[in-house]
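Have a look at the structure below before the remarks.
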Amino acid sequence: MPLTPGNAQHLGARRDQQDAFAFSDPSATEFIRHAGFLAVLADGMGGLAHGASASRVAVKAFHRAFSTKAQTETIPDALQRSLREANQAVLGMGQDTGTTLVASVIHESNLYWISVGDSALFLCRDRRLTLLTTAHTYAQELEAAAAAGQISTTEARAHPERDSLTSYLGQKKLAEIDYTPAAFPLTEGDRILLASDGLFKTLAPEEIESAITADAQASCDELIRRVLARNKKDQDNVTVLIVGLA
């Protein structure tokens, strides 16, 4: 099934671009035949030094590692190996830094993914948006504590550290990794969206849904336009990647 990728990115209201991304080489047909088409996005942590460098290093290392996938290696194994190599690359910077990372692979109408942090992977099917990844943030622990009656829901939602990452590249031991060990089936017309939090912390799900059309590139451009139209004084960097199944 033909794939159509698109991408768009903006600084937002920040001085530095701390998002980075990459795709597989679409002309590498032999490699894509057994490894699938890769999209990877990283969002450097603004609260730590060298976040922009960390995201670029992570994406480059992940992309390079995945490109060595052998035909005998499964896609989930290749994704996990690539994530470990990306983490080692960030650690090798010798800086107190970190980055999120989310990667997807589409192979023969099946989807695989892996993520650390809070950058997100969505499925848009029949103009309905579904979040496929789990954010590794303190919010998950707060919600669990609220559900157990340990704190109130109001306290959980107002906690100042709610958005703090609990797992990210740059840790000696990754606390959490979200991945799919088995193929997730896709159908014609599906759209896969990878996004940094500058998108989904600005636009509501229905606003994202209505911007996604059959044209992957036009959809990415429209999402960025809608984010910037909000004129948020503290708008974060925003990056969107879409891979459509024609």
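Can we say Val102 is closer than 20 Å to Thr133 by Cβ, touching a Gly at 6+ places or on another chain (Cβ under 8 Å) and either buried (at least 16 other Cβ atoms within 10 Å of the Cβ) or charged (D, E, K, R) (or both)? Against the criterion (closer than 20 Å to Thr133 by Cβ, touching a Gly at 6+ places or on another chain (Cβ under 8 Å) and either buried (at least 16 other Cβ atoms within 10 Å of the Cβ) or charged (D, E, K, R) (or both)), Val102 qualifies.
Val240 meets the conditions (1) touching a helix residue (DSSP H, G or I) at 6+ places or on another chain (Cβ under 8 Å); (2) at pLDDT below 95 in every case but one. The failed one is (2).
Pairs meeting the criteria (first residue in the stretch 116-134 and in contact (Cβ under 8 Å) with a residue 12 or more places away in the chain and under 18 Å from Ser210 (Cβ atoms), second residue part of a loop (DSSP other than H, G, I, E, B) and aliphatic (A, V, I, L, M), beta carbons under 7 Å, at least 6 apart or on different chains) are Phe122/Leu132; Leu123/Leu132; Cys124/Ile212.
Checked against (1) modelled with pLDDT under 90; (2) of a type in the set (Gly, Ala, Ser); (3) surrounded by 17 or more Cβ atoms within 10 Å (Cβ to Cβ), Ala145 meets all criteria but (3). Quick one: is Asp96 charged (D, E, K, R) and assigned to a helix (DSSP H, G or I)? Spelling it out, it is not the case that Asp96 is charged (D, E, K, R) and assigned to a helix (DSSP H, G or I).
Inside the stretch 87-106, can you point out the residues that are among the hydrophobic types (A, V, I, L, M, F, W, C) and closer than 12 Å to Lys172 by Cα? Passing the criteria: Ala89, Val90, Leu91.
If you go through the stretch 1-23 one residue at a time, do you hit one that is hydroxyl-bearing (Ser, Thr, Tyr), surrounded by fewer than 20 Cβ atoms within 10 Å (Cβ to Cβ) and more than 19 Å from the chain's Cα centre (by Cα)? Can you show your working first?
Within the stretch 1-23, the subset hydroxyl-bearing (Ser, Thr, Tyr) is 4.
Next, only the ones that are surrounded by fewer than 20 Cβ atoms within 10 Å (Cβ to Cβ) stay: 4.
Filter again for more than 19 Å from the chain's Cα centre (by Cα), leaving none.
Looking through the stretch 1-23, none of the residues is hydroxyl-bearing (Ser, Thr, Tyr), surrounded by fewer than 20 Cβ atoms within 10 Å (Cβ to Cβ) and more than 19 Å from the chain's Cα centre (by Cα).
Kindly indicate which of Glu222, Glu161 is at negative phi and modelled with pLDDT of 95 or more.
Selected residue: Glu222, the only one of Glu222, Glu161 that is at negative phi and modelled with pLDDT of 95 or more.
Selection of first residues in the stretch 171-195 that are at positive phi and of second residues that are in a strand (DSSP E or B) and surrounded by 16 or more Cβ atoms within 10 Å (Cβ to Cβ), restricted to Cβ pairs under 9 Å at least 6 apart or on distinct chains, gives the following pairs, ordered by first then second residue: Gly189/Gly244; Gly189/Leu245.
This table checks each residue for (1) surrounded by fewer than 16 Cβ atoms within 10 Å (Cβ to Cβ); (2) under 18 Å from Gly44 (Cα atoms); (3) aromatic (Phe, Trp, Tyr).
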{"residue": "Thr166", "(1), (2), (3)": "no, yes, no"}
{"residue": "Asp190", "(1), (2), (3)": "no, no, no"}
{"residue": "Phe200", "(1), (2), (3)": "no, yes, yes"}
{"residue": "Pro205", "(1), (2), (3)": "yes, no, no"}
{"residue": "Ile208", "(1), (2), (3)": "no, no, no"}
{"residue": "Ile212", "(1), (2), (3)": "no, no, no"}
{"residue": "Ser219", "(1), (2), (3)": "no, no, no"}
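The set of residues from the stretch 50-90 being among the polar types (S, T, N, Q) and under 16 Å from the mean Cα position of the chain (by Cα) comprises Ser55, Gln80, Ser82, Asn87.
Contact annotation: residue pairs with Cβ atoms under 7 Å, 6 or more positions apart or on different chains, pairing a residue in the stretch 215-242 that is without any contact (Cβ under 8 Å) to a residue 12 or more places away in the chain with a partner that is assigned to a helix (DSSP H, G or I) and crowded, with 18+ Cβ neighbours inside 10 Å, are Glu222/Ala211.
Quick grid of which residues meet (1) under 24 Å from Val105 (Cβ atoms); (2) more than 18 Å from the chain's Cα centre (by Cα); (3) assigned to a helix (DSSP H, G or I):
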residue: Leu129; (1), (2), (3): yes, no, no
residue: Glu141; (1), (2), (3): no, yes, yes
residue: Thr154; (1), (2), (3): no, yes, yes
residue: Arg157; (1), (2), (3): no, yes, yes
residue: Arg162; (1), (2), (3): no, yes, no
residue: Leu194; (1), (2), (3): yes, no, no
residue: Arg225; (1), (2), (3): no, yes, yes
residue: Asp234; (1), (2), (3): no, yes, no
residue: Val243; (1), (2), (3): yes, no, no
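Screening Ser167 with (1) touching a His at 6+ places or on another chain (Cβ under 9 Å); (2) outside any loop (DSSP other than H, G, I, E, B); (3) of a type in the set (Ser, Thr, Tyr) gives one miss only, at (2).
The values are calculated or read from the model by the stated rules, or taken from the named source; none is laboratory data. Keep in mind the model is a prediction, meaning the values are calculated, not measured. Every residue, glycine among them, receives a Cβ derived from its backbone with ideal geometry; neighbour counts consider all protein chains shown.
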